[in-house]
Structures are given as structure tokens and as C-alpha cells.
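Okay, so here's the structure we're looking at.
The values are calculated or read from the model by the stated rules, or taken from the named source; none is laboratory data. Small disclaimer: the values here were computed from a predicted structure and weren't measured. For neighbour counting, all protein chains shown are included, and Cβ atoms are generated from backbone atoms with ideal geometry for every residue, glycine included.
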Amino acid sequence: MEKTIRPYVLAECNWKAVKETRYTVAILPWGATEAHNYHLPYATDNFQAEFVAIEGARKAWEKEAKVIVLPTIPFGVNTGQMDISLCMNMSPSTQYAVLKDVVEVLNGHNIQKLVIINSHGGNNFKQMIRELSLDFPKVFVCSINWWQASNAKSYFDEPGDHAGELETSAMLHIAPHLVLSLDDAGNGSAKKFKIKGLQEGWVSAQRQWTQVTKDTGVGNPVRATQKKGKAFLDVVVQNVADFLEELHQADVNNMYE
Ligand SMILES: [Zn+2]
């Protein structure tokens, strides 16, 4: 049988290859397991993070960048959705503990660069990266929200926040066999905060999801298409690949000009 091992996907690699390869950049896809309106699967964020990570790594690897995609962390911060069946919350402090263990391994094997490919709006690694730098000053850690790696407004009429046009289009490209007909989807209409500052967004607070949306979506998926998903993801993946290649080349002790 023909082997189809991708040398930049750790889950598929063997020790024979890994012990001989000097990786420079580790990539950690990080998603969530949660309801996505009626029509998208619970692991939507995991499929998306892994797709962008692996496709970005593939293109970077073809340009000689020694990148390696780690297995996806499937649980996100879902503290505002505890009353929705099987939304699997992982609190930020737990995420920090997981991330710290991952970085400890990388540090021990002298992999000095880690890129988190984040797929879930409730996850936020910015402050964790600051704290990590005290424990592991030699490892450069950064994070990408994949849906922000290109300008969504040029591809979608109304991208939406959660299970809307952007995410539905992306899933129609990545895993169409798991997407129900849009006839099954709710319209993703969401209530706004009553208080002005919160409504305008310059005051931030957690939203109690079931009070905001009936179908768990925020954003209408009705105009989602596979074509829009592919067009957007092609650019996102290329941008991520270019970044990985540049990071592979970079000297983490000389990052400024
Ligand atoms: Zn999502």
C-alpha cells in the first residue's frame, strides 16, 4: 500500500523521521467543541483550525520551512454557554496549563518558535503569551485568529460572528459532508446589550449566549457558498504559509528593524 505520510503533521510522523529532522516552527491548532447553529458540527472550530494549520504548513514545507503541526486542542473557553448541551468548556487557566506543558516540551528540544492557530472567538492567548515569556524566554510564541488573516468583508456580504456566512462557507469547503442543508439553519439573529457602552463595544463583558441567540448562531448563514469559502481560505492559507516561512527564517533574538 502506498504511504501518504505528511512530514509536517506530527500525528502522522514516526520517530524514524522525527529524530532526524531539525524542526524550527511548531504549529498548534486550537479550537472548541460547541453548538454552531443547527446546521454545522460541534467540532467546526477544530476542523477549521486544523485545515488552516495543515494547508499553511504544507505550502511552507514546500518552500523548505521546517514546520510541524501538533495535534489540535479541541476545547475552547465556553464559559458563557454552560447551559447549551455538551458545549465543552475549558477555562483560561486550564488552557494556560496545557499551553505551558506544550511549550516546555518545545523548549526542551530547542524548538524556539510556536504559532497557535486559533479558531474560536472565546479563546484569547495574548495575555498567556506574555506570562509564558517569563518561564520560557527563549521560545517565541504567537497566535493567529485564522478568520482575521485576510479581509473577510471582501469575500462575504455579512461574515457573522458564529456559524454565520463566513464559517458556513468555510465548512462547505473543508467538510461539506458534515454540513446540513441551510433550510435546517436558524437565521442567527442576535440580541444586543441594552446599555450603550456595551452595545457600542467599547465596554467589554461576556455574553450569556442563550439570552442572545435562539439557534446558537450569531450571523445569518443564508448566503454562504462553498465558492466563497474556498476563495477566502485560499488567501488565508497563503498568508499563513508566507508568515510561517518568514518565521522559519527569522532569528528570534533579532526581530526588530
Ligand atoms: Zn466557530
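Check whether at least one residue in segment 74-83 is among the aliphatic types (A, V, I, L, M) and in contact with a strand residue (DSSP E or B) (Cβ under 8 Å, 6 or more places away or on another chain), and report yes or no.
yes
Would you tally the residues in segment 14-54 being out of contact with any strand residue (DSSP E or B) (no Cβ under 7 Å at 6 or more places or on another chain), more than 16 Å from the ligand (Cβ to nearest atom) and of a type in the set (Gly, Ala, Ser)?
Here the count works out to 1.
Just give me the residues in segment 1-45 being of a type in the set (Ser, Thr, Tyr) and loosely packed, with under 14 Cβ neighbours inside 10 Å, in sequence order.
4, 21 - these are the residues of segment 1-45 that are of a type in the set (Ser, Thr, Tyr) and loosely packed, with under 14 Cβ neighbours inside 10 Å.
Can you tell me which residues in segment 215-250 are buried (at least 21 other Cβ atoms within 10 Å of the Cβ) and part of a loop (DSSP other than H, G, I, E, B)?
Matches in segment 215-250: 216, 217, 219, 220, 221, 224.
Could you go through segment 58-73 and let me know if any residue there is among the charged types (D, E, K, R), at pLDDT 95 or above, touching an Asp or Glu at 6+ places or on another chain (Cβ under 8 Å) and surrounded by 24 or more Cβ atoms within 10 Å (Cβ to Cβ).
No - not one qualifying residue is present in segment 58-73.
If we only count helices (runs of 4 or more DSSP H) wholly inside segment 103-214, which ones have 3 or more residues that are without any contact (Cβ under 8 Å) to a residue 12 or more places away in the chain and either of a type outside the set (A, V, I, L, M, F, W, C) or buried (at least 21 other Cβ atoms within 10 Å of the Cβ) (or both)?
It comes to 126-135, 196-200.
So which residues in segment 21-35 are part of a strand (DSSP E or B) and over 12 Å from the mean Cα position of the chain (by Cα)?
Answer for segment 21-35, where residues must be part of a strand (DSSP E or B) and over 12 Å from the mean Cα position of the chain (by Cα): 25, 26.
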